[in-house]
Structures are given as C-alpha cells and as structure tokens.
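To start, the structure under review is shown below, and the notes come after it.
The values are calculated or read from the model by the stated rules, or taken from the named source; none is laboratory data. Just so you know, these numbers come straight off a predicted model, no measurement behind them. A quick note on method: Cβ atoms are made from the backbone with ideal geometry, for glycine too, and the neighbour counts reach across all protein chains shown.
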Amino acid sequence: MIGLIVGGAALLLVIVGIMAKRSAAPASQRVCGGCRRVMLPVWTKCLFCGWAPGARLEFILGPMANQTLQLTDDVPGDGNYELADLGSTNGVYVNGHKVPKKTLEPGDIIRVGNTEAVFKRD
Ligand SMILES: [Zn+2]
C-alpha cells in the first residue's frame, strides 16, 4: 500500500495508526496519575481530575530520534495498543521480530526502516 518511503518516521506514523483496542484486562486497582486517587476499573479517565492513562513512543533512532509521540487519543482505561503493519514495504519489527500485528507491551522496541521507537506506558 505504501510504495515510497519518504522517511521512516512518516511511515511509522502511518503504520502506527495505533489503535486503542478495548480489552477485557482483569481489573486491578489503578491509581490516578494526576491526583493519585484510586480509580474504578470502569473509568476511562479520572473523574476527579480528568487524567487519563496514556502511552507514548519514544524515538531512539532515525529522523525523529529524541522525540516523543504521545498516544493519548481515546485510550480506554485498561486498553491495549495494537501495532499493525498496514502494508509497509519492508515490514515492521518489534524486538527484532517481524510482526504483522502485535499488542504492544511497555519496553517493546518498534523498528520501521531506519526508525526505532520504544513503547512506554504511564
Ligand atoms: Zn485524578
């Protein structure tokens, strides 16, 4: 689908049409990252202060090195982020393995072309 790589970063952003995926993760006690109050499992964000759990990509290699991409759009409380290769030329690698699709875990290293980023969660 993508024939021309104009820069790893741009491609990564396309691929990382990362998608907050609702999941049935077991409910565990969560503490608000803003006001530190306990959040109920059903809350997608803190009802006290509005803080919402987020995730981010920290770029370590490539044209966007040292930049951070916040992934905060519509993040469900216990949702996971799923990385999907939407048809890239050279594939997407996570922790050195080529993957068509992967649910990201903190610390995962994503590589697309010459761009590498680390997935982190709050
Ligand atoms: Zn709060």
Among what's in region 8-63 and is under 24 Å from residue 108 (Cβ atoms) and of a type in the set (Val, Ile, Thr), pick the residue that is modelled with the highest pLDDT.
60
Could you list all residues from region 92-122 that are in contact (Cβ under 8 Å) with a residue 40 or more places away in the chain, over 13 Å from the mean Cα position of the chain (by Cα) and loosely packed, with under 15 Cβ neighbours inside 10 Å?
114
The lone condition residue 80 fails out of (1) within 12 Å of the chain's Cα centre (by Cα); (2) surrounded by fewer than 14 Cβ atoms within 10 Å (Cβ to Cβ) is (2)
